[in-house]
Amino acid sequence: MKIGVCVKQVPMVREAPRDLETGSILRELVGSEPNPSDVHALWGALALAEMQKARTMAITMGPKQAKASIRQAFSFGIEEGIHMMDPAFAGADVWMTAKTLSLGLGHGGLPEVVICGKESADGDTGQLAGELSQMLGYGFLPHVTKWLKIEGDFLYAESKMDGQVLQIKVKMPVVCTIYPESFEKKYPSFRAVMDAKKRPISVLTAKDFSPHQSFGYGASPTQILKIYEPKRERKAHLLTGTQEEQALFVAQIMRGEAK
Amino acid sequence: MRVGILWLHEKDELALQMASKMREIGGEDLILEGVLPLLRPLTKTPEEGFFHHLYPYLCQGEKLHLMYFKAAVWDYIETHRPDVFLFSATDLGRSVAAMTAARFETGLTADCTGLGIQDEKLVQIRPAYGGNVYAEIITPHTRPQLATIRPNIFKIGEKAAFSMRVHEPKILKEDLSFQVLSQERAEKVFDLKEANVIILAGGAVDKAEKLDKIKALAQHFGASWAVTRKPVQMGLAPYERQVGVSGQILSPQVALLLGVSGTTQTMTGLFGAQKIIAVNQDEQAPVFEYAHIKIVGDCFELIAQWMKGENENGEN
């Protein structure tokens, strides 16, 4: 059995320097980091791999910085890595990203279980795994908190959705997402981090696929009409009057009775 | 324009919120249809007036789960070819939406906080880059246009003057490749991102008793409480409640800031906030540069005003 993990390199939005006037991220100064919720996906994947003695691989799509996500996966114990890197892939929306990854996952044999993090820190949609499952013709099991067993063609797991804990039996092959903070956190040793830097990563470009397959923003079903800053009124409206009047005014806004 | 909306259960307020918004932007000519998987036939017509048609699906199986919702939505889309299909951004809604986008090879915009119609296309508005900017997104060529909608953003409007028809239920067969073996309520995990009204307490809250007053006020208004970095560093509040660059980045509809000085670190966490009300004793506090409404004064005196007639615990 083989387990594949989808990982992603994201801009460090949280720590990013911002334009003090507009609040915009100063993108040219922004570094990148492996997506935080993918770490939980790696722990989930490795826990299942240990239970099943399965082979493991990680895949990512993105510019050259994205290699860091594969290196991180190696340091955690993932065995193989695929990096889908081509300017043609850039600007893909969720659908197109899922499509591209579904093609890349077939490289070297499709995994029986594909694992994704809950969401990416930059796109923040949490939709990729569900789309990927249908493109691969796989089952879909979101928000896994615990692996129970594999019996024949079926995977048994616990999942948390909308405040319910579910025990689910799903036919493999399957795409799963991992609910954060569910699996034991095993951090890599310094040695493992250093070793991960020397390991080979398979690179796939658009040329590795059918010339009829289009990629990237232009082939994405959604298009961005515009991006704008939320309006911020620099001049606050000073609320005067007695404290009682002030309290009443604010209370109406808090209850949604006034704007 | 024909719009399908997923109903998660018979009293689905989120579906009504989406229907109200679509009616508001689409006008009377819009055809609104609800899609509802059920274990038993409807005993009475749910909330009349919002939909032209309701498409109930009876499901063969022990429990209503994700795959039945998926099957109902797919059957509806294949039969009726709507221009738009909307899902509430719950775990279930998101999962069904994602599978549907792949199945119909169409665009999906997640977590919309605004919707519009332009040139007969759905304009899907969502915060991007951690709520720092808003993006307007369209699905120009493929149909249906799919979106998940953040809960409790849209208000349920006046009932439109048209009747709702319930269709003869269709029967969906049990999908043995996905079975729910057991189901129980999980311990409630708190998520600030879900809150639409937030009370944010700053450095003025330097004692547990003061934070208790903030908590009571939040309960009074049905709001969620959060803090800046300082009260977390002092050990008064857990990290999950921290707003700012090093905490959570939120986009509530209303944020009431009590004793918050307004550092960039904190205010970055509220870039997406639609209305900021700030109370601070220092008229020069930077927080007032971000606020829409400014009150110069002692926040604890104001809290006493709000809590008049309630006991200290906020339980009346």
Among (1) touching a helix residue (DSSP H, G or I) at 6+ places or on another chain (Cβ under 8 Å); (2) surrounded by fewer than 24 Cβ atoms within 10 Å (Cβ to Cβ); (3) in contact (Cβ under 8 Å) with a residue 40 or more places away in the chain, where does B:Phe271 come up short?
-> (1)
Within the range B:98-114, considering residues that are part of a helix (DSSP H, G or I) and facing chain A (nearest Cβ under 7 Å), the one farthest from A:His143 (Cα to Cα) = B:Arg103
Tell me, yes or no, whether the range A:198-219 has at least one residue that is facing chain B (nearest Cβ under 7 Å), more than 26 Å from A:Gly106 (Cβ to Cβ) and not in a loop (DSSP other than H, G, I, E, B).
-> no
Report the residue count in the range A:193-220 for those that are hydrophobic (A, V, I, L, M, F, W, C) and more than 16 Å from A:Lys67 (Cα to Cα).
-> 4
Unique match (being of a type in the set (Phe, Trp, Tyr) and touching a Ser or Thr at 6+ places or on another chain (Cβ under 6 Å)) among B:Phe69, B:Phe104, B:Phe87, B:Phe50 = B:Phe87
Residues that are within 19 Å of B:Val205 (Cα to Cα), facing chain A (nearest Cβ under 10 Å) and of a type in the set (Val, Ile, Thr), drawn from the range B:265-285 = B:Ile276, B:Ile277, B:Val279
Would you confirm whether any residue within the range A:129-143 is acidic (Asp, Glu), facing another protein chain (nearest Cβ under 9 Å) and in contact (Cβ under 8 Å) with a residue 60 or more places away in the chain?
-> no
Tell me which of these B:Asp91 doesn't satisfy, since it passes every other one: (1) within 23 Å of A:Ser133 (Cβ to Cβ); (2) surrounded by fewer than 23 Cβ atoms within 10 Å (Cβ to Cβ); (3) more than 9 Å from every other protein chain (Cβ to nearest Cβ).
-> (3)
When the residues of the range B:115-141 are filtered to those that are at positive phi and modelled with pLDDT of 90 or more, which remaining residue is farthest from the other protein chains (Cβ to nearest Cβ)?
-> B:Glu120
Between residues in the range A:153-172 that are more than 8 Å from chain B (Cβ to nearest Cβ) and residues that are of a type in the set (D, E, K, R) and in a strand (DSSP E or B), which pairs lie under 7 Å by C-beta distance while being six or more apart or on different chains?
-> A:Asp153/A:Lys171; A:Phe154/A:Lys169; A:Phe154/A:Lys171; A:Ala157/A:Lys146; A:Glu158/A:Lys146
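The values are calculated or read from the model by the stated rules, or taken from the named source; none is laboratory data. Note that the structure is a prediction, hence the values are computed from the model and not measured. Cβ coordinates were reconstructed from backbone atoms using ideal geometry, including for glycine residues, and neighbour counts include every protein chain displayed.
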